[in-house]
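First comes the structure, then the notes that go with it.
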Amino acid sequence: MDEIELKILEINIKQIDKKILALGGVKKGKFFVKSESYDFLNKLIKEKNELLRLRQVGDKVELTYKQHGRKEGKFKVCNELEINPSNFKKTKEILNALDLKTQNYWEKYRTSYVLGNVKLEIDELPGIPPFLELEGDKCDIEKTVKLLGFSMKDTTNYAFKKVLKKYNKDIHNLKF
């Protein structure tokens, strides 16, 4: 399934929270997130510019494979396959048994909302100004950007690694 998203960098969390809620958005919660990316020793996944990620968001576990990331105007679009295993540690053991090794580890706090058909997530990482990620279809995202008081010029299609690079952060061990 295609994931369509964009980001607004360097936001004011309190202002964005107020705006989303005032517009009728629903706050799903604030969660501590730990993420690990995996690859084979020959770096086959990285070579294809794809991502295999295991992450824990609060009590929920997600195993995600992102393929074929591309830019479409202001938007980042990629094919995303995701399942929700019940156990982070056991899933990690399975990945390791398949000769997939942890490549990167990072932590963040994520506050999740839903506004209409758009998922909004505020990410807070160590040493990086908070940013807002919007996910949905292009038309709904553009409307939401405007409702929040921004223009499309305020947005970026940066991938996560490019956000880290902008702030001179290393993904290999990003912890609080």
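At 7 Å along the Cα-to-beta-carbon direction for both ASP140 and ALA97, put a label point, then send me their distance in nm to one decimal.
3.8 nm
Looking at segment 108-176, which trypsin sites (Lys or Arg not before Pro) are DSSP coil and have at most 10 other C-beta atoms within 10 Å of their C-beta?
Working: sites: LYS108, ARG110, LYS119, LYS138, LYS143, LYS146, LYS153, LYS161, LYS162, LYS165, LYS166, LYS169, LYS175; in loops: LYS169, LYS175.
The qualifying sites are LYS175.
Exceeding 23 Å between C-alpha atoms, which entries from my cross-link table qualify? They are LYS18/LYS74; LYS28/LYS165; LYS60/LYS146; LYS108/LYS162. Walk me through the numbers before you get to the answer.
On the way: LYS18/LYS74 25 Å; LYS28/LYS165 29 Å; LYS60/LYS146 31 Å; LYS108/LYS162 16 Å.
Over 23 Å apart, Cα to Cα: LYS18/LYS74; LYS28/LYS165; LYS60/LYS146.
In nm, to one decimal, how far is the modelled label at PHE176 from the one at GLN67, with both set 7 Å along Cα→Cβ?
3.5 nm
What list do you get for PHE32, PHE160 if you sort them by fewest beta carbons within 10 Å? Mind dumping the intermediate values first?
On the way: PHE32 12, PHE160 20.
Starting with the residue having the fewest Cβ neighbours, the order is PHE32, PHE160.
Out of the GluC sites (Glu not before Pro) in segment 1-78, which ones are loop residues according to DSSP with at most 13 other C-beta atoms within 10 Å?
Numbers: sites: GLU3, GLU5, GLU10, GLU36, GLU47, GLU50, GLU62, GLU72; in loops: GLU10, GLU50.
In loop regions of segment 1-78 (DSSP not H, G, I, E or B), the sparsely surrounded GluC sites (Glu not before Pro) are GLU10.
Taking just the alpha carbons, could you work out the radius of gyration and Dmax for the chain, both in angstroms?
Cα-based Rg and Dmax for the chain come out at 16.3, 49 Å.
Output ³J(HN,Hα) for segment 66-74: one whole-Hz value per residue in order, computed from phi by the Karplus curve 6.51 cos²θ - 1.76 cosθ + 1.60 with θ = phi - 60°, and x for Gly and Pro.
Using θ = phi - 60°, the values come out as 9, 10, 6, x, 8, 9, 10, x, 7 Hz.
Distance in nm between label sites at LYS90 and LEU21, each 7 Å beyond Cα in the beta-carbon direction?
3.8 nm
Going by C-beta contacts inside 10 Å, put LYS7, LYS18 in order with the fewest on the left.
Values: LYS7 21, LYS18 11.
Ordered by Cβ neighbours within 10 Å, fewest first: LYS18, LYS7.
Here, each number is a calculation from the coordinates, and none is a lab measurement. None of these values were measured; they are calculated from a predicted model. Cβ: placed from backbone, ideal geometry, glycine included. Neighbour counts: every protein chain shown.
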